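The values are calculated or read from the model by the stated rules, or taken from the named source; none is laboratory data. Everything numeric here is computed off the predicted structure, so don't read it as measured data. Positions of Cβ are generated from backbone atoms using ideal geometry, with glycine treated the same way; all protein chains shown enter the neighbour counts. With ligands, DNA and RNA removed, areas are computed over all heavy atoms of the protein, side chains included. Shrake-Rupley method; radii C 1.70, N 1.55, O 1.52, S 1.80 Å.
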Amino acid sequence: MSDVRDVIIIGGGPAGYTAALYNARANLNPLVIEGFNWGGQLMITSDVENYPGYADGVLGPAMMADFRRQAERFGADFLTDDVTRVDFSERPFRVYVGGDEYRANAVIVATGASARQLGLPSEQFLQGRGVSYCATCDAAFFREKTVVVVGGGDSAMEEATFLTRFASKVIVVHRRDEFRASPIMVDRARENEKIEFALSSVVDEVLGTDDGRVTGVRLRNVVTDDTREVAADGVFVAVGHDPTTALFLDWLDHDDQGYLVAEPGSTRTNIPGVFAAGDVQDHVYRQAVTAAGSGTMAALDAQRFLEEQQHAPRVAATSA
Ligand code: NAP
């Protein structure tokens, strides 16, 4: 069947493009169905200073364009559209974009995850310009500044504590007066004298200048409905992440939050020939460089799988 690819990669972020680079260099001519909004979470980031090799930092979108171009150079094909359905019941696997069917003997799922947003227009306007979803990435830009962290889970506590290494003051805004975070993480944050709490409060608006600089937040107390403005230089939204896995949940093993589960130490899913790479299977590290590493693993796992298939009798793949 000449129209059956060796590999289809679903997702155009650090994991997908790195998998494409490796598979393209292995002459597997991968098709990357990269999504209409390719680039992933780095498209809403400004400066990236923690990706090795970019010694002077790089803008997130520019870095993703570099990743894409590097894979293209070695022969990866791209389809800038969203996958609408998959059928992993047998090989070749089928991947659909609307009415168009694409087939491949191996599939790498690298659809990533997205940080939950507050859903405010002002938040969107100031994304990457003071509103961040990753303290590990952006904390260092807030030396001796005041920042707000939104959320009451472990991420919010961890990010607030981490931010105190740089910021002079961190205000944790949480919508309830009880925390979802584990007590030990809350205690650590409470003991930190740089951290203040605004409980039973939500951010009604991120305040900023017209040219895109955060100046503070307007908080609303959900019990009294009182509002007040708090000056701040940055807002870290830490209200959780959602993996982009709706299309795969009927086929692939996943945890209770919807993250795909790969065999430890590999990217193999429960369906032989289907691999999961990057944030779609990682809710712990969530970094571009770890996603890229995981994309490399998936490419090598897929390559090895295809080689094994050439020397093995054909067996139909089934969902567990
Ligand atoms: P999470 O546990 O789902 O917590 C999300 C927090 O954001 C909750 O406090 C939630 O409030 C709040 N929230 C959700 N939507 C909101 C909205 N629209 N507006 C305002 N607040 C909102 O997410 P997470 O903190 O990212 O943690 C995810 C998982 O990773 C958890 O299992 C966590 O234990 C784990 N984790 C572990 C560590 C560690 O152990 N070092 C560090 C980070 C994360 P409510 O509480 O009112 O729902």
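Counting only protein heavy atoms and a probe of 1.4 Å, the accessible surface of the chain is 46% carbon and sulfur.
Just checking the listed ones, 83, 97, 173: in the Gaussian network model of the chain with Cα springs under 10 Å, the one fluctuating most is 97. Taking every alpha-carbon pair under 8 Å whose residues sit at least 6 apart, segment 117-237 reaches a relative contact order of 31 percent.
Modelled this way, with points 7 Å down the Cα-to-C-beta line, the labels at residue 221 and residue 290 are 3.9 nm from one another. For the listed peptides 6-18, 138-150, a ranking on the average number of other beta carbons within 10 Å per residue, highest first, reads 6-18, 138-150. May I ask for the angle, rounded to the nearest 10°, between helix 288-310 and the longest principal axis of the chain, with both axes built from Cα atoms and the value confined to 0 to 90°? Between helix and principal axis, roughly 20 degrees. The order of 154, 256 by accessible area, most exposed first and with a 1.4 Å probe, is 256, 154.
Placing pseudo-labels 7 Å out from each Cα toward the beta carbon at residue 90 and residue 255 gives an inter-label distance of 3.5 nm. Taking label positions 7 Å along the Cα-Cβ direction at both residue 312 and residue 180, the computed distance is 3.9 nm, reported to one decimal. Summarising the amide proton neighbourhood of residue 261: residues at separation of 5 or more, or on other chains, whose placed amide H is nearer than 5 Å comprise 253, 254, 255. Rolling a 1.4 Å probe over the heavy atoms of the protein chains gives segment 220-320 an accessible area of 53 Å² per residue. Taking amide hydrogens as placed 1.01 Å from N in the peptide plane, the amide H of residue 175 sits under 5 Å from those of 151, 201, each at least 5 positions away in sequence or on another chain. Here the chain is assigned +1 on the Cβ of each Lys and Arg and -1 on the Cβ of each Asp and Glu. Its dipole about the Cα centre then comes out at about 360 debye. The stretch between residue 136 and residue 304 holds 57.1 nm of extra length on full extension. This uses 0.36 nm per residue minus the Cα-Cα distance. Students often get this wrong: which residues of segment 19-35 have the backbone nitrogen under 20 Å from the point 7 angstrom along Cα-to-C-beta of residue 101? Flagged as within label range: 31-33.
Let me check I've understood the local charge: for residue 15, count other residues with C-beta under 14 angstrom from its C-beta, Lys and Arg +1, Asp and Glu -1. What total comes out? Once positives and negatives cancel, what remains is -2. When both segment 222-250 and segment 25-70 are represented by their alpha-carbon centers, they are found 25 Å apart. Here the chain is treated as an ellipsoid with the same Cα gyration tensor; its semi-axes, largest first and in whole Å, are 40, 20, 17. Net charge of the neighbourhood of residue 141, taken over other residues with C-beta under 10 Å away and scored Lys/Arg +1, Asp/Glu -1, is -2.
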